[in-house]
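Reading through the structure tokens given below for one structure.
The values are calculated or read from the model by the stated rules, or taken from the named source; none is laboratory data. In this text, all values refer to a predicted model and were calculated from it rather than measured experimentally. Using ideal geometry, Cβ is built from the backbone for each residue, glycine included, and neighbour counts are taken over all protein chains shown. The area values use the complete protein model at the heavy-atom level, side chains included, leaving out ligands, DNA and RNA. Shrake-Rupley method; radii C 1.70, N 1.55, O 1.52, S 1.80 Å.
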Amino acid sequence: MKALIFSGSTRSGSINRKLTGALILKLEDAGFEVTQISLSDYDMPIYNGDWEDKHGAPESAKKLAAHFKSHDAVIIVSPEYNGGLPGLLKNTIDWLTRLGDMKHYHSPVFGIASCTPGAMSGIMCMRQINYILGRLGGEVLPVQCGVGNAGDAFTDDGLLARDNDIKLAEKFADGLKTRVARKG
Ligand SMILES: Cc1cc2nc3c(=O)[nH]c(=O)nc-3n(C[C@H](O)[C@H](O)[C@H](O)COP(=O)(O)O)c2cc1C
């Protein structure tokens, strides 16, 4: 079982990258072989139809699509910007859809997670990502791993510190494993 994980934030001190690190350990415990990538290595111009007519889809979009195809689960760990998903992530998804809907990929199971400084744990952005992936025909795990109050959510070693977050992350990883196994 192979899982691809990336954050919707490329910021060096990103709390979502912290959550990504903590989730990788839980995914490995659940039996996944995990590949972590950074969207900073998959630069894409803001989608524009004229640009696409001239150049086609960016190579980075094709490379990312190949990653989606070769993994059983894809986990997106995203910051919430103004009650929604960041432009970086939306632009990345928009380009990917120019190569075929998610259902035309090897159809990984998608998992969504988010970390916020405040208590709300990114529920609005996770709901949007869930909607977009579902609309594209993607299979999305209903359990989402939202971690709020990031200031005291992690130990110095980068592990999740609070029992409720640990339990949620384990449920999330186990849920992905079950879904992937069911697909066969
Ligand atoms: C443009 C912008 C909009 C934001 N909007 C929200 C928001 O709607 N909800 C929220 O919880 N945090 C919001 N924040 C705060 C982010 O959650 C915070 O900056 C977080 O650290 C970003 O994630 P990162 O650390 O992974 O980069 C916003 C931050 C920015 C820069």
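Overview of results
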read-out	value
Carbon plus sulfur fraction of accessible area for the chain, probe 1.4 Å, in percent	48
Nearby lysines by direct alpha-carbon distance to Lys26 (threshold 28 angstrom, same-chain neighbours under 8 apart not counted)	Lys2, Lys18, Lys63, Lys69, Lys90, Lys103, Lys167, Lys171, Lys177, Lys183
Per residue solvent-accessible surface (Å²) - the chain, probe of 1.4 Å	49
Mean Cβ neighbour count within 10 Å, used as a protection proxy, ranking 56-65, 112-121 highest first	112-121, 56-65
Beta bridges per DSSP with both ends in the chain, % antiparallel, nearest 5	10
Protein-only accessible surface order, largest first, of Arg11, Arg127 at 1.4 Å	Arg127, Arg11
For the stretch 2-183: relative contact order, % (alpha-carbon pairs under 8 angstrom, 6 or more apart)	25
Compactness index (Cα Rg / 2.2 N^0.38 Å), the chain	0.98
